[in-house]
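The values are calculated or read from the model by the stated rules, or taken from the named source; none is laboratory data. Everything quoted here is computed from the prediction, not taken from an experiment. Don't worry about glycine lacking a Cβ; one is built from the backbone with ideal geometry, like all the others, and counts go over all protein chains shown. Ligands, DNA and RNA are stripped out before the accessible areas are found, and what is left, the full protein with its side chains, is counted by its heavy atoms. Shrake-Rupley method; radii C 1.70, N 1.55, O 1.52, S 1.80 Å.
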Amino acid sequence: MNTERMRSLGEKRSVIRELFEYGNNRKAEIGKENVFDFSIGNPSVPSPKEFSDELCRLIAESDPLSIHSYTSAPGDLSARTAIAENLNKRFKTAFGPEHLYLTCGAAASLTVSLSAVVNEGEEVILFAPFFPEYTVFVETAGGKPVIVPCKWPDFQMDFEKLEGAINEKTAAVIINSPNNPSGAVFSKESIKKLGAVLSAAEEKFGRKIYLISDEPYRELVYGNIEVPFVTDYYNDTIICYSWSKSLSLPGERIGYILVSPKNPEWKALYAGICGAGRALGFVCAPSLFQHMIPKCIEMTSDISVYEKNRDILYGALTEMGFKAVHPDGAFYLFVKSPEPNANAFSEKAKKHEILIVPSDDFGMEGFVRISYCVSTEQIERSLPAFKKLAEEYSL
Ligand code: PLP
């Protein structure tokens, strides 16, 4: 059964990957500039120059044995201390290195956290739309995904549906704000209410229900939008973070798990996280980038490019008649398909050389995701093609 599942996971190609590969072939056929590829969420802004300079200095000036060697399993103490101090300064919290566990990116943070808190057959609530890998991660941890759709058009949580979905088997709830694929950011009121609902459910069912907050896009917000710090609103919170997007380092695989000391059982939870990391064979997070953390903890890539792209794309598409969620963060625009079948819409867009991802794999039908982490020039060049697509639907 397990071998079959692994084989089918390996053989099944994600829609995003398929579109991306189709795009590469198409670019070879008709020229790169003639394909408007919005399929993939790879940061298009490089890491800041100070980051590369520090990295070169670290390599040049350090003992190679020390920077490439194993660290302790939870991670280098100076890296964890730097993260805790940075969080405490920004969010007036009281974390220490003992609450942090360094990982190979947000994906590893999620798989380790889920393994630590989910027992075979227990349920994990996912708010749709969600990052497609969540279902794979939950099922691998032995859990069963339970999907609760967010509300159109603001994509905040639907508490009536959430309360209906929680039961004695609920082990965890995953949130992702700023969200991939909707770009929505959960408001402070929503997070506060979520904390209250989960506390009441813990009381009612006499069990822990962990809130796993997946935050690779925390730093990618535009305007005066605030991303509430979740441990302020719910004690049984686990934060999964990575620098994949905020510092444009997705290939370097570096992130962390943070457990809240406000959870009276945090030491047991932390031990479970260490155990899960061990069982899953992670050993330690990449050593070189652990050593970079104290040097780059205050750095972020230049996100003004994403904000500009968002403004151009959201403005132009809604003007053409498309309906979309206004993205306050991340680098995705979630557009309502003008016909019920988003796959058919994505296929029609392909005829105009526009590559956009139908939403079915994000746990919600009837939308497409447009990744605007591309050059502003690509967005500007693509607008006449979007206009033709809008005309095809008489928008
Ligand atoms: N969570 C979400 C919502 C994502 O969009 C991604 C990557 O795109 C991940 C997790 C995985 O991030 P990482 O590359 O840090 O593992």
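Structure values in brief
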read-out: All positions within segment 221-250 that are out of contact with any Gly (no Cβ under 9 Å at 6 or more places or on another chain) and away from the ligand (no atom under 16 Å from the Cβ); value: GLY223, ASN224, GLU226, PRO228, PHE229, THR231, ASP236
read-out: Residues being closer than 19 Å to SER213 by Cβ, of a type in the set (S, T, N, Q) and crowded, with 16+ Cβ neighbours inside 10 Å - total across segment 63-102; value: 1
read-out: Answer residue from segment 103-140, given it is within 14 Å of ILE273 (Cα to Cα) and away from the ligand (no atom under 15 Å from the Cβ) and is surrounded by the fewest Cβ atoms within 10 Å (Cβ to Cβ) among those; value: ASN119
read-out: Number of positions in segment 275-296 that are of a type in the set (Phe, Trp, Tyr) and open to solvent by less than 40 Å² (accessible area, probe 1.4 Å); value: 1
read-out: Among the candidates GLY23, GLY10, GLY75, GLY41, residue that is in contact with a strand residue (DSSP E or B) (Cβ under 6 Å, 6 or more places away or on another chain) and in a helix (DSSP H, G or I); value: GLY23
read-out: Only listed residue being outside the structural domain of ASN42 (by TED's automatic domain parsing), among the small types (Gly, Ala, Ser) and outside any loop (DSSP other than H, G, I, E, B), chosen from GLY281, GLY277; value: GLY277
read-out: Number of the condition not met by ASN88 [criteria: (1) closer than 26 Å to ASP232 by Cβ; (2) in contact (Cβ under 8 Å) with a residue 40 or more places away in the chain; (3) part of a helix (DSSP H, G or I)]; value: (2)
read-out: Complete set of residues in segment 44-62 that are part of a helix (DSSP H, G or I) and either open to solvent by less than 40 Å² (accessible area, probe 1.4 Å) or under 30 Å from ASN24 (Cβ atoms) (or both); value: LYS49, PHE51, SER52, LEU55, LEU58
read-out: Output for segment 4-39, where each listed residue is over 22 Å from LEU383 (Cβ atoms), of a type in the set (Lys, Arg) and open to solvent by 80 Å² or more (accessible area, probe 1.4 Å); value: ARG7, LYS12, ARG13, ARG17
read-out: Residue count, segment 354-395 (criterion: surrounded by fewer than 20 Cβ atoms within 10 Å (Cβ to Cβ) and more than 23 Å from the chain's Cα centre (by Cα)); value: 15
read-out: When residues of segment 185-208 are limited to those that are in a loop (DSSP other than H, G, I, E, B) and small (Gly, Ala, Ser), the one farthest from TYR222 (Cα to Cα); value: GLY206
read-out: Those residues of segment 253-286 which are free of Cβ contacts under 8 Å to residues at least 60 places away in the same chain and either in contact with a strand residue (DSSP E or B) (Cβ under 6 Å, 6 or more places away or on another chain) or not aliphatic (A, V, I, L, M) (or both), in sequence order; value: LYS262, ASN263, PRO264, GLU265, LYS267, GLY281
read-out: Any chance ARG253 is open to solvent by 10 Å² or more (accessible area, probe 1.4 Å), farther than 30 Å from GLU365 by Cβ, assigned to a loop (DSSP other than H, G, I, E, B) and of a type in the set (D, E, K, R); value: yes
read-out: The listed residue being open to solvent by less than 10 Å² (accessible area, probe 1.4 Å), in contact (Cβ under 8 Å) with a residue 24 or more places away in the chain, in a strand (DSSP E or B) and not acidic (Asp, Glu), out of ILE175, ILE147; value: ILE175
read-out: Segment 342-395, residues that are hydroxyl-bearing (Ser, Thr, Tyr) and closer than 24 Å to TYR306 by Cβ; value: SER346, SER359, SER371, TYR372, SER375, THR376, SER382
read-out: Matching entry among ILE212, ILE191 (being under 24 Å from GLY164 (Cβ atoms) and either within 16 Å of the ligand (Cβ to nearest atom) or not assigned by TED's automatic domain parsing to the domain that holds SER115 (or both)); value: ILE212
read-out: From ASP236, ASP232, residue being open to solvent by 10 Å² or more (accessible area, probe 1.4 Å), over 13 Å from LEU102 (Cβ atoms) and over 14 Å from the mean Cα position of the chain (by Cα); value: ASP232
read-out: Every residue from segment 224-250 that is among the acidic types (Asp, Glu) and assigned to a loop (DSSP other than H, G, I, E, B); value: GLU226, ASP236
read-out: Positions within segment 204-215 being open to solvent by 10 Å² or more (accessible area, probe 1.4 Å) and not small (Gly, Ala, Ser), in sequence order; value: LYS204, PHE205, ARG207, LYS208, TYR210
read-out: Count of residues meeting criterion [surrounded by 15 or more Cβ atoms within 10 Å (Cβ to Cβ), closer than 17 Å to GLY363 by Cβ and more than 16 Å from the ligand (Cβ to nearest atom)] in segment 307-342; value: 4
